[in-house]
Structure formats: structure tokens, C-alpha cells
Amino acid sequence: MSGLVIVYHRQPFEEVVVEGGVEYREHRSPNGIIPILRGFFEHVDDARWVAWTRHHGKTSEARATDVVRIRGGRCDYQVVRVPLSTEEVSQFYHVTSKEALWPVINSSPGHYATHNTRWAVFREVNRRFARAACDAAAPGAVVWLHDYNLWLAPGFIREWRPDLRIAFFHHTAFPSPDLFAMLPWRDEILDSLLACDQIGFHIPRYARNFCQLAEALRGAVEVEEVPVEPWMGALGQALSERRRPARLRLGDRSIDIDSWPISVPASYIADVARRDDVRDRAQCIATELGDGLRILSIGRVDYVKGIRQQLEAFARLLERRPELQGRVRLLLVAAAAADGMVVYKAVQREIEQLVGHINGRHGRLDWTPVVLSTRPMPFEEVVAAYGAADIAWITPLRDGMNLVAKEYVAARVDGDGILVLSEFAGTAVELPQAVLTNPYSMSRMDEAIDTAIDMAEGERRERMAAMRAHVAAHDATAWARIALARFEGLGGWRRLG
Ligand code: GDG
């Protein structure tokens, strides 16, 4: 039984079969959400992580959970695994989460589809995660759930274990109430979320959207509101807010509402960037991309990452500014989605076709304008690419936060480089010194890339210095520290000395 149970659908390690036996190894990539969450186990005695594991038999046999103990460094924790059949993974994750919930969360109602969804399976999987969390939690423990896939779990946990403190963190955006209302399961989701003691979002706008929804649909009352921290308070952007909700009251229950943006391990990334082998690799990438201007775009293959709009802007750039022909290259790293993500296959095809079109129309024997990589690269290679890029071009249509933008800043130990960033990424409220743009507008996209290309060295270094100072001060460790302080406020768990 543990004082802190983290519930996130993915396991914090990879299962590798070695000589007939299974070995558990750290994920090769030290970046992304998992290493940040795993870091919490350094602060807590006997913590648990609840995740799914694939069960290859029949659905009806996949009921029990199993436990793996992980020891290493300062961590000693157990992973409680909820077995899901291939069919359940598909219906819970690939279809219901990605085809129905994801488009609404990301304000893309045109992609919303429910004909394949199996809400009963989504509910049942959430119920099993909740059961596993309850079984792992000591009396009064904090259960910290992550992301919309687990929206229904808090309701079950509250019903079965009223003694537990339930916290929930959204890694995605949270949409405006009118969009959320599209979901036929909106009441069930909302009631479950309102069973939490604390609900976390990256930025104030998402918290505001949630509170408006809770007020409109359930009569919850916002009883506390505070000014937004100055470092998130820039005005005039798509996601700007001056004040943020801090507490909701619903009947006799009080719910803490929090906005604290996740971040990256900035000093670790800087150390990687300074390594000789990574600098050499950055030099090689720069040489391979040629002497001209090097633009880098990194993101998962997903329509919300705005890759089509970006490629169209790049095609316009080549038409608008013929002097750049032969002198600019776009390195587009768009890691393909896992098998089973039908919805993303079409996006990948579209990207490949557009890249082919641009290269076919503008390319020459000695110059290919777009270099596309759809295979995930080792993290060192990602950091080397950050170092080689004059411009990081990160223009999602919607993004809860966007860690790539912060990683680019953390990796620029030379103090140079320009970040062009969508106003619709949560990161934008923290990094107003980036060249901010609106990916829904062709003219704004064109202006932003022109501004970046034409920016003088002095200005780009000034902007980068400000962004680097921010990311260093508000890194993953700072994010974790805030979470730990919040949990202490909720009570119920013991922190290591
Ligand atoms: C969700 C939310 C929120 C990318 N390509 C490679 C690679 N990556 C790494 C990046 C970065 C991570 O993947 C992507 O993180 P993002 O935050 O940009 O985007 P999502 O995956 O959509 O994450 C998002 C996040 O959760 C955290 O709350 O910011 O809004 O959608 O770390 O570096 N890593 C490696 N090879 C690649 O080719 N090794």
C-alpha cells in the first residue's frame, strides 16, 4: 500500500525479451512525460504506478492485475499493470480516445467521429484502472491520474475509497464549454472530474474553460480566483488570461483548480547539447542540410500538430521568395503513430504527398527543399537537430503545452536560434519572446516565417536569452516541486527526507 499512486496509461519502462525472459528497461528516450513522472518516485517512499499491459488472450481472461518492482538509482517503486486485450486497447485508446475525445479536446470538431466508439469499453477500462489504484493506495493516500483517457476513473475511486485524495492532471488542452458539450458523455465525464480534490491544467485558459463548464452544467461556484503569475501573464495572445480560477465549490465539496505548465529537464538537455559527440552530430546534420538556412519542425503525425498548414506555408515561402531557392531547407521530423491509429494514417499520407509535391515542384538534383523523417530518432539526435537548426518552426493548431519548443530553447547553449511558435500551444503563454503566429491564418504564418528569416543576430540572441532564462527557472524539477507542495496540501502521503 502506498501514499502516492500515479496512474498513467503507459508503463514507465520497456519490456524486452532477452534469452526467453522478460527484462524491464528504461525507455530509451529520456524526454516526454514518463521520465518527468518517474522522477516523483525519488521523493516518495514505496510509490506505485498504475499502467496498462497488453494481454494477448481473450478479453474475458484479462481481469487480474500483476505487479513489477523497479529498483534503480534513488527509485524503488512498483508498477501495477492492468492487462488489456488488443481489442480493448483498440476500443479504449485508438478509437474512443483518439476519434471522439481528442478532436473535441483540441477544438477540431471536423474530425469528431463516434461511429466506431465503444463507450462501454472506455468506461470498463477506466473502472479497472480505478480498481487497481484503490487496491494500491494506503488509507488517505494521494492518487494522481493523468490525461483524458482516465476521465472516468476519479468517479469510481471516490465511490469506492472516499478516504483517498484524488488529483488529476490534464496534459492536453481543455476546450471551451460549447465544444465540450458536443460529447454525448459530457455529464458522466464532468461528474467524474468533479469527484477530484484537485484538478490541474497547463495554463489558466484551460482551467477557466473547465470551471465555466462546471458552473453551466452542474452549478459549481468559483469561490477563489487569483492573478495569473507574471510569467504567464502576457496580454494579447490567443490564450492570454489575466486571472485564473483557484477553487470551485460544489455542494459541500471544495475542489482545488490549478494551472502549472509542465516543462523539460533543461539542465540535462543542456548537458546533452554540450557533449562532444552531440556537437559533432549537430555539425554533421548542419553539413548534410547544407550551408543555407536550416528550419526544423518536430511533432507527432497528428492533424492537431498543423503539419499540413506548415508545409503549405513552406511552399508559399518558396514561391514568394525565389531568392531562397537552393538556400533553405526544412527538416521535418514527424514520428509516425503506433499501428492501430487509423485516424493518423490519412494524415501521414497527406504529409508524404505534400512533401513529394514540394520537392517535385521546387527541388533540383543538388537541392531537396524538405527532408522528411517519420522514424523516431534517438534523443541525442533530436538535441543535435535542435543545435543545427537556425529556426525551430512549431506551429500546432492546438497543443496542451508542447515540450519540443521548450527543449529547443534548453538545447541552444550557444544562445542563438529562433523559435517560431503557434499561439495555440500552451507554451506560448510562457514564451512571448518567441515569434508567435496564428496557424489558422496564411498571412500570419507567412509574416512569422519572414520575421524569423530576416531577424538580426542581436535581436534573436536577446529573445533566446530571455526564453532560456525562463525555461531554466521553470523546468521539470520546478514543475515537480509545485506538484509535491500541492500534494502536501492535500495531505495523506509521506515525503522522503
Ligand atoms: C502531450 C500533449 C504536452 C518527438 N520526436 C521524437 C521525440 N520526440 C519527443 C519530443 C518531446 C515529445 O516527443 C513530444 O512532446 P510534446 O509536448 O511536444 O507533444 P505530445 O506528444 O503531443 O504530448 C502536449 C505533453 O503531452 C506534455 O504534457 O506538452 O501538448 O499533446 O519530448 O522531444 N523524441 C525522440 N525521437 C523523436 O523522433 N527521442
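The values are calculated or read from the model by the stated rules, or taken from the named source; none is laboratory data. Since the structure is predicted, the reported quantities are computational estimates derived from the model, not experimental observations. Heads up, the Cβs are rebuilt from the backbone with ideal geometry, glycines too, and the neighbour counts pull from every protein chain shown. These accessible areas exclude ligands, DNA and RNA; they are computed on the full protein's heavy atoms, side chains included. Shrake-Rupley method; radii C 1.70, N 1.55, O 1.52, S 1.80 Å.
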- Task: Based on a Kirkwood Rh over C-alpha pairs, give the Stokes-Einstein translational diffusion coefficient of the stretch 280-422 at 4 °C and viscosity 1.567 mPa s in µm²/s.
- Result: 84 µm²/s
- Message: Give me a comma-separated list of calculated 3J(HN,Hα) values for the stretch 196-203, in order, Karplus coefficients 6.51, -1.76, 1.60 applied at θ = phi - 60°, integers in Hz, x for any Gly or Pro.
- Response: 6, 8, 8, 10, x, 9, 5, 9
- Task: Report, in cubic angstrom per residue, the convex hull volume of the C-alpha atoms of the stretch 178-278.
- Result: 157 Å³
- Taking amide hydrogens as modeled 1.01 Å from N in the peptide plane, which residues meet the under 5 Å criterion relative to residue 418, leaving out close sequence neighbours? 391, 392
- Note on the structure: Residue-ordered couplings for the stretch 473-478, obtained by feeding phi - 60° into the Karplus form 6.51 cos²θ - 1.76 cosθ + 1.60 and rounding to whole Hz (Gly and Pro as x), are 6, 10, 9, 4, 5, 5
- Item | Inter-probe distance in nm under a simple model that places probes 7 Å from Cα toward Cβ, at residue 324 and residue 223 | 5.4 nm
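Go through 381, 407, 488 and list them by solvent-accessible area, largest first, probe radius 1.4 Å.
488, 381, 407
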- Item | Label-point separation, residue 316 to residue 365 (7 Å along Cα→Cβ), nm | 3.4 nm
- Task: Please turn the phi angles of the stretch 410-426 into ³J(HN,Hα) values with the Karplus equation 6.51 cos²θ - 1.76 cosθ + 1.60 (θ = phi - 60°), one per residue in order, whole Hz, x for glycine and proline.
- Result: 5, 7, 7, 5, 7, x, 10, x, 10, 10, 9, 9, 5, 5, 8, 9, x
- Which length gain, in nm to one decimal place, applies between residue 293 and residue 276 when the Cα-Cα distance is subtracted from 0.36 nm times their residue separation? 3.8 nm
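When you count, for each residue, the other Cβ atoms within 10 Å and take the mean per peptide, how do 42-53, 382-393 rank with the highest first?
Per-residue mean Cβ counts within 10 Å order the peptides as 382-393, 42-53.
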- Near residue 369, within a Cβ-to-Cβ distance under 11 Å, what is the net charge of the other residues, with Lys and Arg +1 and Asp and Glu -1? +4
- Subtracting the Cα-Cα distance from 0.36 nm times the residue separation, let me have the gained length for residue 66 to residue 481 in nm, one decimal. 146.4 nm
- Note on the structure: Of every hundred units of 1.4 Å-probe accessible area on the stretch 266-472, the number belonging to carbon and sulfur atoms, as a percent, is 50 percent
- Item | Cα-based Lys pair tally, the chain, threshold under 19 Å, eight or more apart or on separate chains | 4
- Order by accessible surface, 1.4 Å probe, largest leading, for residues 284, 196, 75 comes to 284, 75, 196
- Query: Between residue 50 and residues 5 or more places away or on another chain, which pairs have amide H atoms under 5 Å apart, with H built 1.01 Å from N, and which residues are they?
  - Reply: 6, 7, 8, 80
- Given a 1.4 Å probe, the accessible area of the chain per residue, as a whole number of Å², is 40 Å²
- In the neighborhood of residue 9, defined by Cβ-to-Cβ distances under 13 Å, what is the net charge if each Lys or Arg adds +1 and each Asp or Glu adds -1? +3
- Query: Which order, highest average first, do 265-274, 301-310 follow once you tally other Cβ atoms within 10 Å for each residue and take the mean per peptide?
  - Reply: 301-310, 265-274
- Can you put 197, 280 in order of accessible area, largest first, using a 1.4 Å probe? 280, 197
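Can you tell me, using C-alpha contacts under 8 Å and at least 6 residues apart, the relative contact order of the stretch 61-145 as a whole percent?
Once normalised by length, the contact order is 23 percent.
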- Task: Could you calculate the FRET efficiency of residue 249 with residue 186 from 1/(1 + (r/R0)^6), where r is the beta carbon distance between them and R0 is 22 Å, rounded to 0.05?
- Result: 0.60
- Message: Per-residue counts of other Cβ atoms within 10 Å, averaged by peptide: what ranking do you get for 117-130, 181-194, highest first?
- Response: 117-130, 181-194
- Sort largest first and round to whole Å: the equivalent ellipsoid semi-axes of the stretch 240-340, each the square root of five times a Cα gyration tensor eigenvalue. 39, 22, 15
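Only helical DSSP H runs with n ≥ 4 go in: add -39500 (n - 2.57) per run for the chain, normalise by residue count and round the 222 nm mean residue ellipticity to 500 deg cm²/dmol.
-11500 deg cm²/dmol
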- Task: On each of the three principal axes of the Cα atoms of the stretch 343-497, give max minus min coordinate, whole Å, ordered largest first.
- Result: 63, 43, 32
- Item | Charge tally in the Cβ shell below 13 Å around residue 291, where Lys, Arg are +1 and Asp, Glu are -1, residue 291 excluded | 0
- Query: Taking the alpha-carbon set of the stretch 216-270, what are its Rg and Dmax in Å?
  - Reply: 15.3, 48
- Report the label-to-label distance for residue 446 and residue 10 in nanometres (one decimal), using points 7 Å from each Cα along the Cα→Cβ vector. 3.8 nm
- Note on the structure: Hull volume per residue for the chain, using the convex hull of the C-alpha atoms, in Å³ is 155 Å³
- Task: Search the structure for amide H atoms under 5 Å from the amide H of residue 2, placed 1.01 Å from N in the peptide plane, and list their residues when 5 or more places away or on another chain.
- Result: 137, 138
